[in-house]
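Structure first, then comments.
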Amino acid sequence: MSNEWPLWEVFIRGQHGMSHRHVGSLHAPDAEMAIKNARDVYTRRNEGVSIWVVPAAQIAASSPSDKGPLFDPSRSKVYRHPTFFDIPDDVGAM
Amino acid sequence: MYAQMIQSEATTEDAEQLAAFQARIDAGERIEPKDWMPEGYRKTLIRQIGQHAHSEIVGQLPEGNWITRAPTLERKAILLAKVQDEAGHGLYLYCAAETLGISRDDLTEQLLSGRMKYSSIFNYPTLTWADVGAVGWLVDGAAIMNQVPLQRTSYGPYSRAMIRICKEESFHQRQGFDIMMKMAQGTEAQKRMAQDALNRFWYPSLMMFGPSDAESIHSTQNMAWRIKINSNDELRQKFVDQTVPQAEFLGLTIPDPNLRLNPETGHYDFSEPDWGEFFDVLRGNGPCNADRMEARQTAWSEGQWVRDGLMAHAAKKRARRVAAE
């Protein structure tokens, strides 16, 4: 049982103009079979117009313990949001 | 349910860490694969998701039995699509289990060696075409009762798998009810077949929820972790309340002389299934346990050369590409 097919992460573009989104994973011997299997496992009801598959081992991910250092600095930068600025109604739509 | 009688594993971590973990769950946060989790949570989930996945895969067998004998080409195409969905559901769930650190081959090996179980319901035979209707209507109906709340389970990958599954499951129950309607409105012989299917699948369907777990310590822990959302009795009652009017619509009789609407509670009173039979089926003595396991063993061993061959082919292609570069 050592010859297990590698794991692939599957990304589907749901509609034209949308980005690919992660939908799940599957096992396949190579990329070609991974795409064929992804078609059967993840698009049985017209869920997509395009498939990406990526070897799961090739994905680098941030660690949960890095959540603070990575994302906290942007919390205080509220001026990055348009609602930070009060624009008088007289100016009209902006 | 598809995962029956899941015992929770003991956890021995630091109390402060456990409290912080529980607080995240109580706040409705999802736990993701790389997050810290108690060992007991991880092991219990592997057991529960694994058993659920195995049930989807073994669950293809009773219905697969009728694919070649479906009464029309349309019914055959629908049944094929339904059985293919079950395979897909098994795959979503295996992937969710794998995020907890167990390999697919390990999961398969544990099913084949009998260390992991699948739902008791799939050890009953599908003797007539009406049984295919009863399975969709009752078995998938019971499964939905459990799966809808599990969409809110605390473990992210499990929750996402359940959301996908629930989207597809409603087709399964409706196609089953559609078969039952056709049979129930058919000839006398067809009506008898529909009633016979209900008679045989009623109590095994009630057993799917597992015995009363009001006093179970495992249930308490699993509920606190939000990997179990409702008690077995609560879901069983909900299933009965929903199904009885559907049987009345079909003109079929639920095989329970004690069944009646209780005006005080607004719920149906009903007879418990034979729990002796349930435990006997779990121990391996149901009508089809041996057949189901043999089918899975054969599929695994006869598929070995295909799995190995495709890996060898992939390695050869890779080597050629490297040589050409």
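The values are calculated or read from the model by the stated rules, or taken from the named source; none is laboratory data. Source: prediction; values computed, not measured. Note that we place each Cβ from the backbone using ideal geometry, even for glycine, and neighbour counts take in every protein chain shown. Only protein heavy atoms, including side chains, enter the accessible area calculation; ligands, DNA and RNA are left aside. Shrake-Rupley method; radii C 1.70, N 1.55, O 1.52, S 1.80 Å.
Within a straight-line Cα-Cα reach of under 13 Å, B:K317 can be paired with the following aspartates and glutamates, leaving aside sequence neighbours fewer than 8 residues apart in one chain: A:D30, A:E32, B:E325. Shown for region B:296-325: residues covered by the partner protein chains by 50 Å² or more of accessible area relative to the chain by itself (probe radius 1.4 Å), namely B:L310, B:M311.
Under the shape rule built on the C-alpha gyration tensor, where the axes satisfy a ≥ b ≥ c, chain B is oblate, since a/c reaches at least 1.5 while a/b does not exceed b/c. Which net charge results when you count Lys and Arg as +1 and Asp and Glu as -1 among the other residues whose beta-carbon is under 9 Å from that of B:H54? Value of the local net charge: +1.
For the protein assembly as shown, the share of DSSP beta bridges that are antiparallel, to the nearest 5, is 95%. Each of B:P255, B:Q175, B:A314 was placed along the dipole of chain B (beta-carbon charges, centred on the mean Cα), and the one lying farthest toward the positive end is B:A314.
Please list B:S8, A:S74 in order of solvent-accessible area, largest first, computed with a 1.4 Å probe with all protein chains present.
A:S74, B:S8
Cross-link pairs exceeding 22 Å in C-alpha to C-alpha distance, out of B:K82/B:K238; A:K36/B:K34; B:K117/B:K228; B:K191/B:K238; B:K43/B:K228; B:K82/B:K228, comprise B:K82/B:K238; A:K36/B:K34; B:K191/B:K238; B:K82/B:K228. Near A:G24, the amide H atoms lying under 5 Å from its own belong to A:V10; only residues 5 or more places off or on other chains count, and H is placed 1.01 Å from N. Computed with a 1.4 Å probe over protein heavy atoms only, the accessible surface of the protein assembly as shown comes to 52 Å² per residue. Note on chain B: GNM, Cα springs under 10 Å; of B:H172, B:H52, B:H313, the largest mean-square fluctuation is that of B:H313. For the pair B and A, the buried accessible area comes to roughly 2100 Å² in total, with a 1.4 Å probe and the value rounded to the nearest 100. Taking 22 Å as the straight-line reach from the Cα of A:K77, the lysines in range (excluding those fewer than 8 positions away in the same chain) are A:K67.
Dipole size of the protein assembly as shown about its Cα centre, with +1 on Lys/Arg Cβ and -1 on Asp/Glu Cβ: approximately 1460 debye, rounded to the nearest 20.
Loop-located GluC sites (Glu not before Pro) in region B:1-81 (DSSP state other than H, G, I, E, B) with a sparse environment of at most 13 neighbouring Cβ atoms within 10 Å: B:E29.
Rounded to the nearest 0.05, the FRET efficiency derived from the C-beta distance between A:Q15 and B:E302 at R0 = 41 Å is 0.50. Using alpha-carbon positions, what is the distance between the centroids of region B:1-44 and region B:101-146, in Å? That distance is 25 Å. Each pair of Cα atoms in chain A enters the Kirkwood radius, and Stokes-Einstein at 20 °C and 1.002 mPa s then converts it into a translational diffusion coefficient of 126 µm²/s. Taking Cα centre as origin and charging only the Cβ of basic (Lys, Arg, +1) and acidic (Asp, Glu, -1) residues, the dipole magnitude of chain B rounds to 1380 debye. Residues of region A:52-92 that bury at least 20 Å² of accessible area once all protein chains are present, compared with their chain alone (1.4 Å probe, heavy atoms only, ligands and nucleic acids left out), are A:A61, A:P64.
One Cα centroid belongs to region B:180-239, the other to region B:251-325; the line between them spans 16 Å. Please determine, in degrees from 0 to 90 and to the nearest 10, the orientation of helix A:31-42 with respect to the longest principal axis defined by the Cα atoms of chain A, where the helix direction is its Cα long axis. Result, in degrees: 70. Carbon-plus-sulfur fraction of the accessible area of region B:100-144, 1.4 Å probe, in percent? Carbon and sulfur atoms account for 55 percent of the accessible area of region B:100-144. Among residues other than B:L150 with Cβ under 10 Å from its Cβ, the summed charge is +3 (Lys and Arg +1, Asp and Glu -1).
Remark: region A:1-60 carries a charge dipole of roughly 300 debye about the Cα centre, counting +1 on each Lys and Arg Cβ and -1 on each Asp and Glu Cβ. Taking Cβ atoms as reference points and 14 Å as the exclusive limit, the residues near A:T43 contribute a net charge of +4, counting Lys and Arg as +1 and Asp and Glu as -1.
Interface residues of region B:23-37, defined as those with an accessible-area decrease of at least 40 Å² between the chain by itself and the complete set of protein chains (probe 1.4 Å), are B:K34.
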